[in-house]
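Every number in this text was worked out from the coordinates using simple rules, so none of it is lab data. Just so it is clear, the model here is predicted, and its values are computed rather than measured. Reconstructed Cβ throughout: ideal geometry from the backbone, glycine too, with neighbour counts over all protein chains shown.
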Amino acid sequence: MMSNLGNRDTPENRRPRRSLVRRFTIRSIKVVALILIVEYLVLPQVAGARKTLSLIQHLNLGYVGLALIAEVAALIAYAYLTISVLPKQSLDLWTIFRIDMSSLALSHVTPAGTAGGTGLSIRLLITKGIRATDAAFAIAVQGIGSAVILNLIFWLALIISIPIWGFNTVYLTATIVGTLLFAFVGVLVIAFTRGERHFTRVVVKLFSKLPYLSEGSIESTLQRISERIRNLLSDPPLLRRALTWAVANWIFDAASLWIFLAAYGHLVNIDALLVSYGLANILAVIPITPAGLGVVEAALTTSLVGFGTPRGIAILGVISYRLINFWLPIPGGALAYLSLGTGSSSEDKRQRKGGKRLSPSKFNPNVIVQEMQLPQDN
């Protein structure tokens, strides 16, 4: 009798159990979703590829080399985009390229996907002497601006292709995502440029009670972000450079896919390519797999086949493209991360400034607060 009373299901005993059930349920949903994607979208495509392996015998190796060059050009354009949104004369191209490759590799191998890569980019920029608020702002502008450009490219291609190929209900989902993104960006720009005081009061009220954050640090951070946004908007040449590099990044990457399809003997219409490419990358934002693994392949293959690409060529072209777009940056990014070392040049600079060096593995929420106190040069 006493034993039964001791094992009674009390509220204290139920709380850990509920938390465990919640985590298990969320993970189970993700696993089931992944299995469904593989079972109904990926495996049928691979099965079809087995019947078309003879196409590899006619593969144009010269085109493969051009596709690889286009992908490298996309990565270089992305590095220049990073440079354009950082304070002037911050870091050289080679350092930024390695930081971008490191974050890209991490986003391809972790469940957190882009979020994990973003955190690594900020940490590495800080270790190289970039102020935390500037690093966070640059990576945020880079990511949001790049997404905006992708949606613009998709919408433009969609306007051209719908009269020719017709409308698909899947386009509606991508259009809604793009509309929400544009609305979000517009609200942020207005909040930081025209309603800064009211926006700051709201943010301070919401977040000042969180650990490591104080009203003063939040206000200083928001003020710094507002200043960076105003500088960006008031400098048309800088804004044009950033937009140009964002467009170049997506176009070179899409060109790599087009060249791979051409290497197998099929030339895809540009509007069909950009609609398929934009749709796949917009759907990849849904956090099911790292960097849209499986989602991109299935969406690209299905869309290209719908636009008239032979199934075998679509499958092999997409697989070849993803080998250098998704898989090759993983070992390349690992080597890039190792080549960055520990940021000794940043360490020397911080010692002269009286600050402390930040280890990439020990980044925490109060870093921005600490960085606000370091008088660094831009």
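Work through the residues other than Gly333 whose Cβ is under 13 Å from its Cβ and net out their charges, Lys, Arg +1 and Asp, Glu -1.
Working: positive: Arg98; negative: Asp100.
That works out to 0.
Computed 3J(HN,Hα) for the stretch 137-149, one whole-Hz value per residue from the Karplus formula 6.51 cos²θ - 1.76 cosθ + 1.60 where θ = phi - 60°, is 5, 4, 5, 5, 5, 4, x, 5, x, 5, 5, 4, 4, glycine and proline marked x.
Computed on the stretch 84-167, the Cα convex hull volume stands at 124 Å³ per residue.
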